[in-house]
1. Report the gain in length on full extension from ARG87 to GLU145: 0.36 nm times residue separation, minus Cα-Cα distance, nm rounded to one decimal.
2. Suppose the chain between SER228 and ALA216 were pulled fully straight at 0.36 nm per residue; how much longer would it get relative to their current alpha carbon spacing?
3. Identify the trypsin sites (Lys or Arg not before Pro) of the stretch 106-172 meeting these criteria: DSSP loop state and at most 12 other C-beta atoms within 10 Å of the C-beta.
4. May I ask you to sort ARG87, ARG158 by Cβ crowding, counting other Cβ atoms within 10 Å and putting the fewest first?
5. Subtracting the Cα-Cα distance from 0.36 nm times the residue separation, let me have the gained length for CYS136 to LYS75 in nm, one decimal.
6. Which of the chymotrypsin sites (Phe, Trp or Tyr not before Pro) found in the stretch 103-210 are in a DSSP loop and have at most 16 neighbouring Cβ atoms, other than their own, within 10 Å?
7. Given a Förster distance of 30 Å, report the FRET efficiency between ARG118 and THR166 from their Cβ-Cβ distance, rounded to the nearest 0.05.
Amino acid sequence: MARRSALVAFVALAATFPALACGGLVVPDGDPAGPRPSVSGVASAPPSGSAPPIVGTGSAGVPSVPPAPTCDPAKCELPHVTAHACREGICVPVVCEAGFQDCDGDIWNGCEAAVVERYADEDGDGHGALTATTSCPKAGVAYVESHDDCDDTNALVRPNQTAYFTQPRADGSFDYDCSGADEPRESRVYRGTCLCSDFGCSLGEGWFVEAPACGAMGTWARAPGGFSCEPLREQRGQACR
Ligand SMILES: [Ca+2]
Ligand SMILES: [Ca+2]
Ligand SMILES: [Ca+2]
């Protein structure tokens with residue numbers, strides 16, 4: 001009686017869970033991976049016959065280099081240009097007509113600038129360089145009529161400079177006023193002269209022995225003041241211009 005009851009119970013259970021009858025693994029109905037997210041943002045397939053073009057005819061898997069774009073000769077008639085080059089399909093002037101040059105970098109107006117001589121004042125001291133230039137004007141550089149700056153890279157060097165300097169210019173000279181010579185500030189030599197009165201003594205100042213060269217150090221005899229004729233000795237550099 002007990003064996004019959006157990007058999008009836010198993011048949012009922014198998015009817016409820018069929019998988020148990022195949023080894024005990026329960027597999028729910030539907031996709032075992034569960035619900036999947038919807039796909040969005042994917043481009044639709046191109047219509048038939050509209051596949052991307054294939055450039056070149058190289059062998060399979062090795063794309064060939066596309067040919068360089070050419071220039072339309074009719075569009076290379078640039079102003080004041082006698083020869084041009086074609087770069088990436090654009091006409092670029094390489095030879096300008098005599099008397100003209102390309103200064104603005106705009107290829108479409110060709111060699112637009114007339115060649116003129118002008119004096120650049122690159123150091124901004126108000127005096128132009130000794131020699132004229134015909135190159136394209138530089139941004140930020142003034143061009144002036146004067147051309148008397150003997151060093152247009154140094155604003156301290158200019159005509160009518162009134163100061164003296166103990167350091168030489170880049171070329172080694174001390175001609176800061178563009179006079180063509182190095183003029184020392186002090187050439188006096190100490191002679192030992194001393195004049196005294198009821199108000200004090202006046203000593204004739206100067207270099208001991210001889211004046212040093214421009215930029216060189218020397219011993220200077222300085223008036224002590226009062227009623228003394230004994231000079232004060234001090235080391236000085238000879239300044240020039
Ligand atoms: Ca200058
Ligand atoms: Ca100068
Ligand atoms: Ca000078």
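1. So the extension gain works out to 16.9 nm.
2. My answer for the length gained is 1.4 nm.
3. Within the stretch 106-172, the qualifying trypsin sites (Lys or Arg not before Pro) (loop, at most 12 other Cβ atoms within 10 Å) are LYS138.
4. Going from least to most buried by this count: ARG87, ARG158.
5. Stretched out fully, the CYS136 to LYS75 stretch lengthens by 19.4 nm.
6. Those that pass, being in a loop and sparsely packed, are PHE199, PHE208.
7. Working: r = 35 Å, r/R0 = 1.17.
Result of the calculation: an efficiency of 0.30.
FYI, it's all coordinate maths here, none of it is from the lab. What you see is a predicted model, and the numbers here were worked out from it, not measured in a lab. When we count neighbours, we look across all protein chains shown, and the Cβ atoms used for this are built from the backbone with ideal geometry, even at glycine.
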